[in-house]
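J.: What follows is a structure written as structure tokens; I'll ask about it next.
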Amino acid sequence: MAQFQEVSKLSSQHPKPPGLVLQYGTAGFRSNAKHLDHAMFRTGLLATLRSKKTKATIGVMVTASHNPEEDNGVKLIDPMGNMVTAEWEGYATQLVNAEQDDLLIVLKDIIEKETVNMSQEANVFVGKDTRYIMLTNLLFVNIYSLHYMVCCQNTQGKYGEPTVEGYYRKLCQAFIQLIKNASNCTDDQKHLSVDGANGIGALKLHEMESHVKSELQISVFNDGSKGKLNYECGADFVKMQQKPPTGMEMSPGERCCSYDGDADRIVYYYTDSEGQFHLLDGDKIATLISTFLKELLTQVGLDLKIAVVQTAYANGSSTRYLEDTMKVIVRCTKTGVKHLHHAAQEFDIGVYFEANGHGTVLFSEVAEEKIQLLTQDPNTNDERKRAAQLLQNTINVINQTVGDAISDMLLIEAILAIKGMTVQQWDAIYTDLPNRQLKVKVADRRVIDTTDAERRAVSPAGLQEAIDSLVKKYKLARSFVRPSGTEDVVRVYAEAETQESADALAHEVSLAVYRLAGGVGDEPKPLH
């Protein structure tokens, strides 16, 4: 009983702002940092209960990812490095929104429903990005590879050593083994420019460089020594603005990539000889990786089911290429990596990336065992054994627990080197349809309800019919709308045969949303 009184006393020192309601979603809790003190404290309480319940180490990550520096967020990480279950998301929302007088009631209700043994020892790992925020009763380690470390801890080291150095060592050793299969790489081909978004990934990349410098020369820009986190830089800026980040020195044809603030997203890009900007986003990354893996599976002769999991934001050209040319299964899910991760687990090999560059590859236990047996079988011929060893090293360079920009970068660099591909050749695998994303402010985003993996609007009445009518006006067109998970805006996506058509369609759909879904402020203006 004394422990509950202590919790109540401490909680009163971190009061909930009057009227504030927070919803735990895919990204956990997100808001302006000054509104999150109580949420941080209470998420720490919930992490303790989750650890006691699972009898395992739980992670707490403090980050707002690609959001501006003044924002922050907090989310829980389950024992295998994955996101917390939907039921515990609900507990998080209840706990954080409880009034002070009801806090102990909510806590005790969770304990009772989950039959939590309060005498069980709790173990919580906590990580943060480079944002500054005053947090209490949470002990921080300055890591961004937290999902990896939680999984290592709970598998007693089977997945790897649960330290930052162990993380570097596992990924980099696998990368070096992979890159040995590349022939005659020039120094130019080994060079990569990285925009660190002034975030934690840039700091850790400097620490990791020594492990790979013989095979990969990295120049880091926006490394946190000056400039604000995610301000005019980072993966989200590059993706949305379709231009290089501020602070990046680029030469024509040079291969470049950007992380986001907490290094779980990555996009590649280059400029051609005419100064034209070319973006290679999550769709291009998924295509490159799945093509490489399917070729290796053919060489080893393993009948494993491989699939690419996308969201509605995936460019239509990528979906057509994967299905029609590569003959790969494509699954579409709702936006949010927890949905993609879950769908990817249904296959022997699941490649999942959101278009924003957040993703990874999952291998089933059966797939890993079959690949390992081939590498150890003395009767396996040289060609099959080489392909199996490539697959084995690919598994080890991938952080299967979560999207990880550094892990994804090493895999991409290894694939390009092994296949002898330039970034231009990679880009030419297929041509993206021109597209446009817009936001419409509304009084209440909950008026928008969707179905079919968010590709069709169920409400408000008449909205989907209006979208269908507008899409028919343009060639190779499609459009969908979905409510934001964090703010009262509706996100509009449109693609079409030309950029002019995509822009016009996006604007017209935005007007339909504004008029039918309770738009606020000025009507959306044409882009041109």
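The values are calculated or read from the model by the stated rules, or taken from the named source; none is laboratory data. What you see is a predicted model, and the numbers here were worked out from it, not measured in a lab. Here the Cβ is made from the backbone with ideal geometry for all residues, glycine too, and neighbour counts use every protein chain on show. These accessible areas exclude ligands, DNA and RNA; they are computed on the full protein's heavy atoms, side chains included. Shrake-Rupley method; radii C 1.70, N 1.55, O 1.52, S 1.80 Å.
J.: How about Lys525: which lysines have a C-alpha closer than 25 Å to its C-alpha, ignoring those fewer than 8 places off in the same chain?
T.: Lys239, Lys243, Lys439, Lys441, Lys472, Lys473, Lys475
J.: May I ask you to order 485-493, 178-186 by the average number of other C-beta atoms within 10 Å around their residues, highest value first?
T.: Most protected by this proxy first, the peptides run 485-493, 178-186.
J.: Summarise the accessible area of region 284-368 (1.4 Å probe, protein heavy atoms) by the percent that is carbon and sulfur.
T.: Details: 1330 of 2790 Å².
Solvent-exposed carbon and sulfur of region 284-368 make up 47 percent of the total.
J.: Considering only protein heavy atoms, what per residue accessible area in square angstrom results for the chain with a 1.4 angstrom probe?
T.: I get 43 Å² per residue for the chain.
J.: Report, please, the projected area of region 363-458 averaged over directions, based on the convex hull of its C-alpha atoms, in nm².
T.: Taking the Cα atoms of region 363-458, their convex hull projects to 10.7 nm² on average.
J.: Right, here's the next one. Over all alpha-carbon pairs in the chain, figure out the percentage whose distance exceeds 42 Å.
T.: 20
J.: When the accessible area of region 164-276 is computed with all protein chains present and a 1.4 Å probe, what percentage of it is carbon and sulfur?
T.: Answer for region 164-276: carbon and sulfur cover 42 percent of the accessible area.
J.: Relative contact order of region 282-428: what whole-number percent is it, with Cα pairs under 8 angstrom and at least 6 residues apart? Could the numbers behind the result be given before it?
T.: Details: 218 pairs, mean separation 36.5, N = 147.
About 25 percent, as a whole number.
J.: Determine the calculated [θ] at 222 nm for the chain from helices alone, applying -39500 (n - 2.57) to every DSSP H run no shorter than 4 residues and normalising by the residue count; nearest 500 deg cm²/dmol.
T.: Result for the chain: -12000 deg cm²/dmol, rounded to the nearest 500.
J.: Which far-off residues, 5 or more places away or on another chain, put their amide H under 5 Å from the one on Thr333, with H placed in the peptide plane?
T.: The answer is Gln310, Thr311, Ala312.
J.: Roughly speaking, what is the stretch gain from Glu465 to His206, that is 0.36 nm per residue apart minus the C-alpha to C-alpha distance, in nm to one decimal?
T.: Working: separation 259, 0.36 × 259 = 93.24 nm, distance 5.19 nm.
This chain segment gains 88.0 nm when fully extended.
J.: Can you give me the distance in nm between label points at Glu346 and Asp444, each placed 7 Å from the Cα along the Cα-to-Cβ direction?
T.: 3.3
J.: At 20 angstrom or more along the helix axis (alpha-carbon based) and mean Kyte-Doolittle of 0.5 or higher, what helices does the chain contain? Whole DSSP H runs only.
T.: 282-300, 405-419
J.: For the chain, with the dipole built from +1 on Lys and Arg beta-carbon atoms and -1 on Asp and Glu ones, taken about the Cα centre, which of Val84, Val509, Gly336 lies farthest toward the positive end?
T.: Val84
J.: Hey, quick one: spin label on Thr186, modelled 7 Å out along Cα-Cβ, who in region 226-256 has an amide N within reach, i.e. under 16 Å?
T.: 251-255
J.: Let me ask you something else. Extension gain Lys305-Ser484, at 0.36 nm per residue separation less the Cα-Cα distance, in nm?
T.: Between Lys305 and Ser484, full extension yields 61.1 nm more.
J.: Further question on the same structure: What is the set of long-range amide H partners of Asp404 at a cut-off below 5 Å, with H atoms built 1.01 Å from backbone N?
T.: Gly359
J.: How much length is gained if the chain between Glu369 and Thr155 is pulled fully straight, taking 0.36 nm per residue apart and subtracting their Cα-Cα distance, in nm to one decimal?
T.: So the chain would gain 75.4 nm between Glu369 and Thr155.
J.: Pairs to check: Lys52/Lys305; Lys52/Lys370; Lys180/Lys294; Lys55/Lys228. Give those whose C-alpha atoms are more than 28 Å from each other in this structure.
T.: Values: Lys52/Lys305 37 Å; Lys52/Lys370 35 Å; Lys180/Lys294 20 Å; Lys55/Lys228 39 Å.
With Cα atoms farther than 28 Å apart: Lys52/Lys305; Lys52/Lys370; Lys55/Lys228.
J.: So what is the relative contact order for the chain, in percent, with contacts set as C-alpha pairs under 8 Å and at least six apart?
T.: 11
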